[in-house]
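Beneath this line is the structure, given in structure tokens, with notes to follow.
Where a number appears in this text, it was derived from the coordinates with a stated rule and is not lab data. In this text, all values refer to a predicted model and were calculated from it rather than measured experimentally. Cβ: placed from backbone, ideal geometry, glycine included. Neighbour counts: every protein chain shown.
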Amino acid sequence: MNHADAALAQARNRARIRRGMFILPSFFTALNIGAGYFAITQTLDAITNNLNAIGSLTHLDVAAIAILLAIPFDSLDGRIARMTNTASDFGRELDSLADVITFGVAPSLLAWVWGFRSLPEEMNPDVRHHIIQAGAFLCFLFVIGGASRLARFNISHDPKPRNPGRPDRKYFVGMPIPAAAALLASTVHFFGGYPVTEWWISIPWMILVGLAAFLMVSTWRFWSGKEIDLSKAHPFRLLLVMAIVLYIMIRYSQGVLFPIALAYTFSGIWARAAYGWSRRRRRGLRDMQDSAGSDPDPLRHT
């Protein structure tokens, strides 16, 4: 084989490897879809059985865990695509469709079954019917909010939140749909999949689902964590910390994930409230300076 043939064979091998690299991000996206589909089937299995039976509790908890496990898959497909320079329009669209299924439809169905559909039939039938209908509507709003959030993300090139933060940090505009799904799924997992059986508990659950839907379509800032760079020269300390955090999250997931999801949710609310307060404070100081600099009686010095 001469030099030209060897170069041609080497170029073909590189092209073959690059085509294979394009499949890798889509593989993690497929895992994302699979986790969402599995969560939906587990939730449906809970409906077919008695929701208060032990098997149904397991189904709901497993569905919540599947949604939570899909979050690393969703994060990895984008990072791998950027690291291997294999990002494509097809991959972005597939990722958005996967997020609608796994972080939109699956958690909304789980939230409805766990928080509203499971109310006992012995209670007032009219109250039960109205709560189930209101819960279904709010869960529908969650899906619409998540789909709208993804559509806005896809068409926005350089989105700016209404409450800009530090210039050295990167932020999401609106709560990302995986975080909203994690809030619902971690709540179900926190209670071990045991469904709501008291109507007065369904009310705060309505508020939480509606709040998650609103935060996704809001223009408030949420920390993205994209400034964390694993390609640094000495990332050993960061990797050690991440390994410890990952172990704690897996080993004590039932008691750890829910507070983390709740803290992240209210971090966006706190950031918006703090920005509004500081803005009003600056406006008040400017008004005081303007009033102090103006002379209310121009004839006083004559």
Extension reserve of the residue 269-residue 41 stretch, reckoned as 0.36 nm per residue once the Cα distance is removed: 78.7 nm
Projected-area mean, region 9-291, by convex hull of Cα positions, square nanometres: 20.6 nm²
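Magnitude of the Cβ-charge dipole of region 126-235, K/R +1 and D/E -1, about the Cα centre, nearest 20 debye? Present the calculation step by step, with values, prior to reporting the outcome.
On the way: 11 positive and 6 negative charges, 93 e Å.
Roughly 440 debye, rounded to the nearest 20.
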Footprinting exposure proxy for 189, 130 (fewest neighbouring C-beta atoms within 10 Å first): 130, 189
